[in-house]
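Heads up, the thing below is written out as structure tokens.
The values are calculated or read from the model by the stated rules, or taken from the named source; none is laboratory data. Here the structure is a predicted model, which is why all the values come from computation and not from measurement. Glycine also receives a Cβ, built like all others from the backbone with ideal geometry; neighbour counts cover every protein chain displayed. The accessibility values were calculated without ligands, DNA or RNA, using every heavy atom of the protein model including side chains. Shrake-Rupley method; radii C 1.70, N 1.55, O 1.52, S 1.80 Å.
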Amino acid sequence: MTIKAYDWLAYHTTRFADKTAAIDLHSGREFTYGEFNERAERLAAFLTTGLGLEKGDRVGVLAHNSSDFFEIQFACAKSGLVFLPLNWRLTVSELEFIVGDAAPKVLIYGPEFADAAEALEKLCKLPVILENNFDGTDSPYEAGIAKAGPLTARAEVTHADLSTIMYTSGTTGLPKGAMITHGMTFWNAVNLGPPARVSLDTKHLVVMPTFHTGGLNCYANIVFHVGGTVAVAREFDPATILKLLDARNGHAFTHFFGVPAMYLFMSQHPDFAAADFSGLQTCGIGASPAARTLLDTWAEKGVALQQGYGMTETSPIVTVLDAHMALEKVGSAGLPALHMEMRIVDEEGEDVTEADKVGEIWVKGPNVTPGYWNRPDATAETIIDGWLKTGDAARRDADGYVYIVDRWKDMYISGGENVYPAEIENIIFQLDGVADVAVIGVPHERWGETGQAIVVRAEGASLSEEDVLRHCRPKLAKFKQPGTVRFVDELPRNATGKVLKRELRLQTETSTDAAAE
């Protein structure tokens, strides 16, 4: 049966056209559902009638966070175009690969990326580049919306049709374009909306990058699906976001989603102790394992961080921890979402049935990508009989709750034993004076590999290598204990806050080579 993809903005406009749909915190603009829907329709008309784009054509966006991101997304949905959000932190050469692979017919860009857009226009032979100030002021983008007539030819779009191409972060190798269908976005709203307690009264603050599934789907698109309000912050700054989340500031935000690094940096800010978070109903955390100490720090402020697990290829939610279990199952990513299947399998692809035994997560269902753009090889390697191999290691406890252990690729083998860095990082985070930490496997003559802890000292702390090693000895089995400690000023992270362990390995190799010379 073919299921039609319905127009969320148009529907809510018939119900409550005057209700606030979107707020752009950087420019101060606010849009009702009626206004937001009209702008999206005019943009859709401009892209199709004005620029000649047809169903299936890609629309690239290179810009900082803005409510216009969602306006473009919905305009694409109305006209059957494919939304292509681009990571603005990438270099032109990195973007050249993505833009060349996806071949958008138009690239909408912010003025700060004009040089990159012009370079990509030449390198990738882009048909159109369209400047947008992303603040409502005069620009070719705003002029296009202003002169466009009503949308007369609405595309027939189904759940199976492609909605978005979202490129993976590319922490190893070239990025792959995960194909996101309209159905995947719908099922994510159905799967995540209830446990995240999203409703008509939800007022969600977006700070995750809107070129990332977290910025789009945790929980912004879910909020638009039910008719709530979405406010978009331009970028993450601990002091600014703390102030916005404070119940005394008048914004009355009920929902927020961030990665562990964001919560860590906010908890380390001087304003954290006095902040009032009483208005928050749901604070989601995901994208990488969270240290127990971080969860406890926020719990002491009355905020039970609601953990979940997902990935771009699953739209993204796979598991989520219900709010009423957030304190009882601290550290768990929760239970599998309702409308999907999840397995934990061993290296032979057989189901792991023992409680607390580690295996790889496999996922199947309407929330799973049909594959990677222009990469049938990667699709065949990753999706087996409909099951997506996530590459993430996890275990289930006796009650069936899932705990994310680490990425398979970050695991290392020491003396024949599998070691998962997240467990060691969690222990080191408990040591006073540690502001941030990552653990990687490094070569060892006797054991094959051993752990190296890369530590960022807290301001004023004077930790030594021996301090860290002494802290680990009684808390970790010998094969898990790091062999060395390296101190750095900060950890390299990608745009979503994930630590770039590939860069840490390269730094270690470089320092080792230099020492050997």
inquiry  = Among the listed pairs Lys329/Lys478; Lys4/Lys105; Lys105/Lys176; Lys364/Lys480, which have their C-alpha atoms separated by more than 29 angstrom in this model?
reply    = Lys364/Lys480
message = Can you show me the helix-derived [θ] at 222 nm for the chain, built from DSSP H runs with n ≥ 4 at -39,500 (n - 2.57) apiece and divided by the number of residues, rounded to the nearest 500.
response = -8500 deg cm²/dmol
request  = Give me the distance in nm between label points sitting 7 Å out from Cα along the Cα-to-Cβ direction at Lys475 and Arg154, one decimal.
outcome  = 5.7 nm
remark   = Using a 1.4 Å probe on heavy atoms of the protein chains only, the accessible area for His26 in Å², nearest 10, reads 110 Å²
request  = Distance check, please: which entries in Lys203/Lys301; Lys389/Lys501; Lys203/Lys498; Lys301/Lys357 exceed 28 angstrom between their Cα atoms?
outcome  = Lys301/Lys357
request  = Could you give log10 I(q)/I(0) at q = 0.13, 0.21, 0.25 Å⁻¹ for segment 279-361, computed by the Debye formula over C-alpha point scatterers of equal weight, without solvent?
outcome  = -0.47, -1.04, -1.27
For segment 218-326, share of DSSP beta bridges that run antiparallel, in % to the nearest 5 = 35 percent
task = Using a 10 Å cut-off on Cβ atoms, rank the peptides 309-315, 241-247, 39-45, 122-128 from the highest mean neighbour count down.
result = 309-315, 39-45, 241-247, 122-128
query = Tally Lys and Arg at +1 and Asp and Glu at -1 over the other residues with C-beta under 12 Å from the C-beta of Lys78: what net charge comes out?
reply = -1
request  = Tell me which residues come under 5 Å, amide H to amide H, from Arg457 once H is placed; ignore anything under 5 positions away on its chain.
outcome  = Ala435, Val488
note = Judged on accessible area alone, 1.4 Å probe, highest first, Asp351, Asp432, Asp57 line up as Asp432, Asp351, Asp57
request  = Give me the accessible area per residue for the chain, probe 1.4 Å, as a whole number in Å².
outcome  = 42 Å²
note = In whole Hz, the Karplus estimates of ³J(HN,Hα) for segment 316-328 (6.51, -1.76, 1.60; θ = phi - 60°; x where Gly or Pro) are x, 5, 10, 10, 8, 8, 4, 4, 6, 10, 4, 8, 5
task = Please list Thr319, Thr484, Thr152 in order of solvent-accessible area, largest first, computed with a 1.4 Å probe with all protein chains present.
result = Thr152, Thr484, Thr319
remark   = The set of residues whose placed amide H lies less than 5 Å from the amide H of Tyr167, leaving out same-chain residues fewer than 5 positions away, is Ala178
inquiry  = Going by amide H atoms built from the backbone, whose H comes under 5 Å of the H on Arg29, apart from near neighbours?
reply    = Asp24
inquiry  = Report for the chain the percent antiparallel among DSSP-assigned beta bridges with both residues inside it, nearest 5.
reply    = 60 percent
query = So what's the convex hull volume per residue for the Cα atoms of the chain, in Å³?
reply = 161 Å³
task = Taking every pair of alpha-carbon atoms in segment 218-373, give the share separated by more than 23 Å as a whole percent.
result = 44 percent
note = With the 8 Å Cα cutoff and a minimum separation of six or more residues, segment 170-305 has a relative contact order in percent of 21 percent
remark   = So, relative contact order of the chain in percent, Cα under 8 Å, 6 or more apart, is 10 percent
query = Once you sort the root eigenvalues of the Cα gyration tensor of segment 198-270 as a ≥ b ≥ c, which label holds: rounded (a/c under 1.5), prolate (a/b larger than b/c) or oblate (the other case)?
reply = oblate
key: Qualifying GluC sites (Glu not before Pro) in segment 345-419, DSSP loop, other Cβ atoms within 10 Å at most 16   = Glu347, Glu348, Glu350, Glu354
query = When the accessible area of segment 251-400 is split by element with a 1.4 Å probe, what percent falls to carbon and sulfur?
reply = 49 percent
ask   = For Asp296 and Glu118, what does the FRET efficiency come to when R0 = 41 Å and r is the distance between their Cβ atoms, rounded to the nearest 0.05?
value = 0.25
